[in-house]
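First comes the structure, then the notes that go with it.
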Amino acid sequence: MKAARWLLPGLALVLVLGATMRAEDKAGKEVTLKGSMVCGKCSLGVCEKCTNVLQVKEDGKDVNYFIDDKGKGEKYHKAICPAGTKQDATVKGVVTEKDGKKWIKGKVEVK
């Protein structure tokens, strides 16, 4: 009976540590991410100005990676602005985290 009491908290701890380690695996290392590029202002409504955001499916959820670039000044931004438009893209670069958001700086390839 005592073992059963510790099973649920132990399982929860393992899940939390696993999720944390998965997020830390990308931070500071060069990775290749594939997903859909959208505008952070027009499509997502989470930025004050037009920003390129790569949405990647991870564990069945969309995870937003904000691209550290010139925003609307990039050639590829016109394809994802106005709201509701998106474009398949691959970004190879280094992931960092600022203000609770994931950022990636690197080479962007759009399709």
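The values are calculated or read from the model by the stated rules, or taken from the named source; none is laboratory data. This one's a predicted model, so the numbers in the text were calculated from it and none came from an experiment. Glycine also receives a Cβ, built like all others from the backbone with ideal geometry; neighbour counts cover every protein chain displayed.
Things to note:
The rows are residues; the columns are (1) at pLDDT below 95; (2) more than 12 Å from the chain's Cα centre (by Cα); (3) buried (at least 17 other Cβ atoms within 10 Å of the Cβ).
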residue	(1), (2), (3)
29	yes, yes, no
35	no, no, yes
41	no, yes, yes
51	no, yes, yes
55	no, no, yes
70	no, yes, no
91	no, no, yes
108	no, yes, yes
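- Residue check for residue 89: out of contact with any Asp or Glu (no Cβ under 8 Å at 6 or more places or on another chain) and farther than 14 Å from residue 30 by Cβ: no
- Scan of the stretch 39-98 for residues that are assigned to a strand (DSSP E or B), of a type in the set (Ser, Thr, Tyr), touching a residue at least 40 places away in the same chain (Cβ under 8 Å) and under 20 Å from residue 111 (Cβ atoms), ordered by number: 90
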